[in-house]
Every structure is written in structure tokens, then in C-alpha cells.
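Asker: To start, I am sharing the structure in question, which I have written as C-alpha cells.
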Amino acid sequence: MKIEVFEIPEEGLNIELEETPKIDGVKITQPFKAVLRIEKNGQEVFVKGVISGEVELQCSRCLKDYKMPIRSLTELSYHPIEELNKEELVELKRDEMEVDFYREGLIDTEDIIRDQILLSIPMKPLCSEDCKGICPVCGTDLNEINCGCIVKEIDPRMAVLQSLLRRMKKNG
Ligand SMILES: [Zn+2]
Ligand SMILES: [Zn+2]
């Protein structure tokens, strides 16, 4: 949904909407719901609210797909993009609030939702905190069965170093 800044009334706007933004590499399994409060002060627009939905991610340990619900609070201050060229920006940065910019008098709620989704996705997604991952020897999913492979803890480079140290001790 696109919001025309000049149409935001003095008393502000309460909006509820559902959207499924397109994001590369992110599968959205449930449309995202946004409950937003929008206020305006001159050219500045404040957006506050809750964004919730669900995405499907791939676990970085066992490589299985899993669903992750997202619920994110958003609090943004929007300024016209034209301000970027002015010195005012320096002052904006001192503000506690997150600052974003709008173009051509329009704020796109899809962008707000997309940003919140991207912020909520972990760098290394895990299906569960204690996911055991995949056996490095046979590739079995260790969450399902224990294959019994013996995984040598010592890195081959370390083994070379150890034998070198042993030899040094002998000679010294
Ligand atoms: Zn996993
Ligand atoms: Zn194994």
C-alpha cells in the first residue's frame, strides 16, 4: 500500500494491512500483517507499529527448511529524500529514532515490511538452538539418528604441528 504524505490527516492514521513483499532468497509462507500508526509533523512522518508473519528458512547446520514466525516492532521517522542533500541530515542522525526517506511524497508500506523481515532474519538460521547438524563423514542428519561415525577432532594441520613439536623436544 502506498501512502500519500499530503493525505495524512492532522490527527494521524491507523492502518491495518496484509502484504507479501517479494524478497530474493526469502520464502514467505504467511502474508505479513502490519498494524501501523502514522503521524505527520510538517514533512516528517512517524510510523510506529507491529509487523508479523512467517518465513521459511534453511537451517545452516542441518540444511532442512523450517518455518520461523516473525513479530517485529517498528518505529521509524520518514523524511523527504530531498533532505538528504541538506545539512539537516547531520542533525537527524543524532536522533534516537531510525530514519528513512520517502520519494515523491509516497511511503510504501511494502518497503517497511520488507525491511523488518530482513532485519529479523538471522545471519545463520538454525531450526533449533541445539540442532545437531549433519555428520561430516556420512552426511546423516544427526537430529534423526546417530550414525556412529567417528569424527576425528584433530585438524590435520594441527597433527603436523604436534609431530613437529614432538620432534623438537627429542632433539632439544
Ligand atoms: Zn537444523
Ligand atoms: Zn556419520
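The values are calculated or read from the model by the stated rules, or taken from the named source; none is laboratory data. Nothing here was measured: the structure is a model prediction, and the numbers come from that model. Glycine gets a Cβ as well: all are built from the backbone with ideal geometry, and neighbour counts include every protein chain shown. Surface accessibility is based on the protein's heavy atoms, side chains included, excluding ligands, DNA and RNA. Shrake-Rupley method; radii C 1.70, N 1.55, O 1.52, S 1.80 Å.
Asker: How about the range 63-77: which of its residues are surrounded by fewer than 17 Cβ atoms within 10 Å (Cβ to Cβ) and either within 16 Å of ligand 2 (Cβ to nearest atom) or within 12 Å of GLU98 (Cβ to Cβ) (or both)?
Answerer: LEU63, LEU73, GLU75
Asker: Something else now. May I ask you to list the residues in the range 9-26 that are assigned to a strand (DSSP E or B) and touching an Asp or Glu at 6+ places or on another chain (Cβ under 7 Å)?
Answerer: GLU19
Asker: Across the range 40-60, which residue is least open to solvent (accessible area, probe 1.4 Å) among those that are free of Cβ contacts under 8 Å to residues at least 24 places away in the same chain and part of a strand (DSSP E or B)?
Answerer: That would be SER52.
Asker: Going by the structure shown, is GLU39 touching a strand residue (DSSP E or B) at 6+ places or on another chain (Cβ under 8 Å) and of a type outside the set (A, V, I, L, M)?
Answerer: Yes; evaluated as a whole, the condition is true for this residue.
Asker: Hey, could you check the range 122-146 for residues that are hydrophobic (A, V, I, L, M, F, W, C) and either surrounded by 15 or more Cβ atoms within 10 Å (Cβ to Cβ) or outside any loop (DSSP other than H, G, I, E, B) (or both) and say which is farthest from ligand 1 (Cβ to nearest atom)?
Answerer: CYS135
Asker: Please give the number of the condition ASP141 fails out of (1) of a type in the set (Asp, Glu); (2) modelled with pLDDT under 90; (3) within 16 Å of ligand 2 (Cβ to nearest atom).
Answerer: Among (1) of a type in the set (Asp, Glu); (2) modelled with pLDDT under 90; (3) within 16 Å of ligand 2 (Cβ to nearest atom), ASP141 violates only (2).
This table checks each residue for (1) of a type in the set (D, E, K, R); (2) modelled with pLDDT of 95 or more.
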position: GLU18; (1), (2): yes, yes
position: ILE38; (1), (2): no, yes
position: LYS48; (1), (2): yes, yes
position: LEU92; (1), (2): no, no
position: MET97; (1), (2): no, no
position: ASP100; (1), (2): yes, no
